[in-house]
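Structure record follows, encoded as structure tokens.
What follows draws every value from the coordinates through simple rules; no lab data is involved. All of these numbers come straight from a predicted model, not from anything done at the bench. No Cβ is skipped: glycine too gets one built from the backbone with ideal geometry, and neighbour counts run over all protein chains shown.
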């Protein structure tokens, strides 16, 4: 049998690190804005720990759980807590609002982001200096991936899989009812992880659907995570997103974000795949007004996301 697009994708991601015995180390709990937040580290053998935050809805014994993945340059605290993160420039409301839909939410820091960006200037005091430091570290991480034969996206996927391994050790959430949500880089990581990780039962990928051809033409989606070596020789983003069927998938975009001729081929491929499997209702394409940032700040983003995840994980 010839390789499928997913087979090729796994191969193009490169030899990812091994996942051994994944554990969590509690770092304490406290309040952030209106939420009670558990801080922890997820550890996979001798790898550097993954900083994380966990929120649980009140009065729910074993709620379904969602892994939330931030966008490029953000970090878990910004993505989860929005203005309550303490960063004045942040305007979007924060994925922690998903707990109001009866969902537990685990937010993690990607590599070279958040608490994993060691030695960075204080972002609250000097954001331009912080950003210069971040861009340098991100570029050097990509160089390391090149010489190791890895796609940077593969490392992001690996960390999400470690987070899922950790969730399966907890008895206060139902990891068998697992969803994922991300926006921008987090959206790409969401659908990319869902492609190769069958434990994710439902996904919401925001601000990320764009064909490689359109990305090259308009020079968007420029961060290194989005570019998987050799992938276009063997598969397309259209085929990979379509491969998620029949698991429920919502794709959310700003109407003025990416060019429509780069978005619609992916949406069309997904519609066709879900229709072919008799589950057209399990794919939803949602367009919000505005550009990339405007859509991220629209309260309907989290409201639509929360309802979709809660309904599909019920």
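What to note about this one:
- Helical runs (DSSP H, four residues minimum) scored at -39500 (n - 2.57) apiece and divided by the length of the chain put the mean residue ellipticity at 222 nm at -11500 deg cm²/dmol.
- Spin-label model distance (nm) - residue 197 vs residue 6, 7 Å beyond Cα toward Cβ: 1.5
- Inter-part distance where segment 273-310 and segment 128-200 are each reduced to a Cα centre, Å: 21
- Taking the chain as a Gaussian network of alpha-carbon nodes connected by springs under 10 Å, the highest mean-square fluctuation of the residues 178, 141, 150 belongs to 141.
- Sequence of 191, 8 once ranked by neighbouring C-beta atoms within 10 Å, starting from the fewest: 8, 191
- Rg ratio (alpha-carbon, reference 2.2 N^0.38 Å) - segment 52-114: 1.11
- Cα-projected label distance for residue 279 with residue 264, points at 7 Å along beta-carbon direction, nm: 2.7
- DSSP beta bridges fully contained in the chain are about 40 percent antiparallel.
- Inter-part distance where segment 71-110 and segment 49-67 are each reduced to a Cα centre, Å: 13
- Per the Cα gyration tensor, the chain maps to an equivalent ellipsoid with semi-axes of 26, 23, 21 Å, ordered largest to smallest.
- A Gaussian network model of the chain, with springs between Cα atoms under 10 Å, assigns the largest mean-square fluctuation among 94, 20, 59 to 59.
- Once the C-beta distance of residue 62 and residue 311 is scaled by a Förster radius of 25 Å, the resulting FRET efficiency is 0.90 to the nearest 0.05.
- Cβ-derived FRET efficiency at R0 30 Å, residue 118 paired with residue 217, nearest 0.05: 0.20
- Space enclosed by the convex hull of the alpha-carbon atoms of segment 180-293, per residue, Å³: 94
- Prolate/oblate/rounded label for segment 249-301 (Cα gyration tensor, a/c 1.5): oblate
- Calculated log₁₀ intensity ratio I(q)/I(0) where the Debye formula runs over C-alpha points of segment 1-102, q = 0.12, 0.14, 0.17, 0.21 Å⁻¹: -0.56, -0.72, -0.93, -1.14
- Candidates 208, 279, 162, ranked by Gaussian network fluctuation over the chain, Cα under 10 Å, top entry: 279
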